[in-house]
Amino acid sequence: MYTDLILVYLHALIFVPYTIQQDGARFMPVFDTSTINLTVIQGRTAYLNCTVDYRGEYKVAWLNPENKVLTNVEKRIIDDTRVALPRNSLNDWTLYIREIQHYDEGVYSCSINTDPVQTKKVYLKVLVPARIIDRGTSHDMEEEEGKTVQLICNATGIPTPTVQWFRHIPKTSYEKATKEAVVEPGEILLIHNISRYCGGTYECIAFNGVDKADSHQIEVEVIFRPEIELPNRRFSQYLYKETILQCIVRANPIQFLEWQRNGIPIENSMKYRVALNDDYYEIYTKILDLNIHSIQKEDYGNYTCVASNSLGKDKETMLLYEAVELTKPPPSTTKLIPTTKRNKDFPSYEVFENKKRPEKQKNGQSTRGNYRPRSFESIPSCRTHFILFYSAKVLCVIIVLKSCLNVKNFI
């Protein structure tokens, strides 16, 4: 009994759909005609879905946006090998388009030749990632200081990308390398009156929200004429000593740089050593050192630092002169020797002019003659003379007044 049921089920599963498909007059194909909007990123594969049930002997065809037939039933009509109709099942008529391009965009039609003809439309939209085109885009350049520089970043994409500019700040001995945004977004960057501090690497980044952003770097080299700075215009050194003269040069490029003495270039020798060093704190800056060994009389004089490039020339002169050791003034012959304190706040002093201090007295008498030292306290001060003078004057006035009173009483 169960075997009969299984045979009936298999017969219905296998032969009934086949019978329906063969009898096109009795059954119409089941076809979904709803519209599909499909968005694909350029370069990927587009899958245009189309499903037909109970097709029977009817034919299915795909048409491109120009109404050209791409496939007829299972055959590909056009030569474009990117187009395929793999058919993974009986009712599957999905169209594959590999490596989709922007020109593939449009309305595709999946049609079946019923009466009337049934059509399913697929609106294909292709997004193009942002790309920077080499043609029309600026590349590495060299410009003179003070000029106006124009940088162009020719970007394309769908939708239209936004271009943002950045400037790379190089690493120094006290700062890390950084990247800072420059002005507002745009394909053209104008730098007016460019200076040496505006040079470096500029980067434009184009992005439209589709896939990854694209970027392009431009190296801007700012050139300018030499500028020389001397830390000291006058420098002294002792005979037979060693000294170093320094010359700070700012230029780009530095094509010629040297020390001169009386118009003659100074070269490395037993007497001189010339060394060129980088300034790690400032760009486009060099330090030219002149080391002079065992200075002689004839080495004193003017030394000139000279630098030049295609834009100009600069020079500065430094004077090297002999250092003179300063002599100390002769010591004073007057000695102030503290003696016994007369009060707790101020000591008294004795003055000895061009004489030795007398030896200690015995029994109140000096051991050397009758020399009596004078103390400051034994010398009347100006204040004492002033008081005595005015006291005598006041006394005279009193005596005169008293005499006048006696004469008046007598009369």
**Message:** Please pick out the residue among 95, 90 that is in contact with a helix residue (DSSP H, G or I) (Cβ under 9 Å, 6 or more places away or on another chain) and either closer than 14 Å to residue 52 by Cβ or modelled with pLDDT under 90 (or both).
**Reply:** 90
**Request:** Determine if the range 229-244 includes at least one residue that is touching a His at 6+ places or on another chain (Cβ under 8 Å), on the phi < 0 side of the Ramachandran plot, part of a loop (DSSP other than H, G, I, E, B) and touching a residue at least 40 places away in the same chain (Cβ under 8 Å).
**Result:** yes
**Message:** It is to be established whether one or more residues within the range 30-43 are over 30 Å from residue 160 (Cβ atoms) and without any contact (Cβ under 8 Å) to a residue 40 or more places away in the chain.
**Reply:** yes
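Matching residues to (1) open to solvent by less than 40 Å² (accessible area, probe 1.4 Å); (2) among the aliphatic types (A, V, I, L, M); (3) farther than 25 Å from residue 233 by Cβ; (4) at pLDDT 95 or above:
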position	(1), (2), (3), (4)
262	no, no, no, no
267	no, no, no, no
282	no, no, no, no
303	yes, no, no, yes
331	no, no, yes, no
340	no, no, yes, no
348	yes, no, yes, no
**Request:** Would you check which residues across the range 245-271 are at negative phi and over 38 Å from the mean Cα position of the chain (by Cα) and list them?
**Result:** 261, 264, 269, 270, 271
**Prompt:** Does the range 169-196 hold any residues that are assigned to a strand (DSSP E or B) and at pLDDT 90 or above, and which are they?
**Reply:** 188, 189, 190, 191
**Request:** Could you please find all residues in the range 197-218 being assigned to a loop (DSSP other than H, G, I, E, B) and open to solvent by less than 20 Å² (accessible area, probe 1.4 Å)?
**Result:** 199, 210
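The values are calculated or read from the model by the stated rules, or taken from the named source; none is laboratory data. Values in this document were obtained by computation on a predicted structure and should not be read as measured data. Glycine also receives a Cβ, built like all others from the backbone with ideal geometry; neighbour counts cover every protein chain displayed. With ligands, DNA and RNA removed, areas are computed over all heavy atoms of the protein, side chains included. Shrake-Rupley method; radii C 1.70, N 1.55, O 1.52, S 1.80 Å.
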